[in-house]
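So the structure is just underneath, and the comments pick up after that.
The values are calculated or read from the model by the stated rules, or taken from the named source; none is laboratory data. Because the structure is predicted, anything quoted here is derived from the model rather than measured. Using ideal geometry, Cβ is built from the backbone for each residue, glycine included, and neighbour counts are taken over all protein chains shown. For the accessible areas, the whole protein counts, side chains as well, though only heavy atoms, and no ligand, DNA or RNA atoms are used. Shrake-Rupley method; radii C 1.70, N 1.55, O 1.52, S 1.80 Å.
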Amino acid sequence: MLDEADIINGCIKGDSKCQSLLYQKYSRLLYGTALRYTRCEEDAQDVLQDAFLRIFDTIKQYKGSGKLVSWMTKIVINQALKLYQQQKKFAIEDYEEYQDSIKDDSIVDSDVLSHEVLLGFIRDLPEGYRMVFNLCEIEGYSYEEVAQMLGCSNSTCRSQLFKAKKILQKKIIQFTNKDMSR
């Protein structure tokens with residue numbers, strides 16, 4: 001059985017067996033990250049595929065100073081941001097214009113706020129809100145870092161995060177109220 005260092009060295013040498021082992025070990029986790037940043041599974045799969053191509057191309061740059069999974073997660077996030085920039089049509093989405101199009105994803109058969117339900121709520125956020133929420137709240141980036149990544153101002157970043165949290169709060173309250181009334 002190869003350890004992580006052996007797998008990394010094999011990937012650096014272009015060994016397809018080691019690349020396959022790396023993919024098998026981390027693809028589910030990294031796919032979950034991609035799903036948080038994209039609206040549909042097809043986009044998440046594209047992000048994951050592009051991220052692994054990038055990982056295999058640049059793995060020799062991994063210095064081992066942090067966890068490999070953290071390094072790969074940053075690549076997935078960067079690929080998702082790249083897709084977002086390509087798909088971006090509007091710099092800022094206005095919640096008031098958007099709120100009528102929010103679909104109700106309540107799950108009738110569940111009595112708890114599951115990971116899948118919460119992920120669905122996050123994925124339903126408007127593009128900009130979802131990116132800011134993921135980067136700030138999930139990944140822990142500062143407003144300044146997120147604003148730089150997305151090419152917006154700090155105040156826009158803060159505003160979109162606030163609005164994202166309000167949307168999520170509303171969806172969670174609606175979900176839990178429907179769940180409690182059964």
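Numbers below:
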| quantity | calculated |
| --- | --- |
| Filtered residues of the range 1-28 (kept if buried (at least 18 other Cβ atoms within 10 Å of the Cβ) and free of Cβ contacts under 8 Å to residues at least 12 places away in the same chain) | Gly10 |
| Residue list for the range 125-138, restricted to those being more than 16 Å from Gln85 (Cα to Cα) and touching a residue at least 60 places away in the same chain (Cβ under 8 Å) | Ile138 |
| Any hit, the range 139-158, residues being modelled with pLDDT of 90 or more, more than 21 Å from Gln86 (Cβ to Cβ), open to solvent by less than 30 Å² (accessible area, probe 1.4 Å) and not hydroxyl-bearing (Ser, Thr, Tyr) | no |
| Filter result (free of Cβ contacts under 8 Å to residues at least 40 places away in the same chain and either open to solvent by 60 Å² or more (accessible area, probe 1.4 Å) or farther than 26 Å from Ile75 by Cβ (or both)) within the range 160-181 | Phe162, Lys165, Gln169, Lys170, Ile173, Asn177, Met180, Ser181 |
| Some residue of the range 63-83 being surrounded by fewer than 19 Cβ atoms within 10 Å (Cβ to Cβ), among the aliphatic types (A, V, I, L, M) and more than 13 Å from the chain's Cα centre (by Cα) | yes |
| Of all residues in the range 29-62 being acidic (Asp, Glu) and crowded, with 17+ Cβ neighbours inside 10 Å, the one that is nearest to Glu116 (Cα to Cα) | Asp43 |
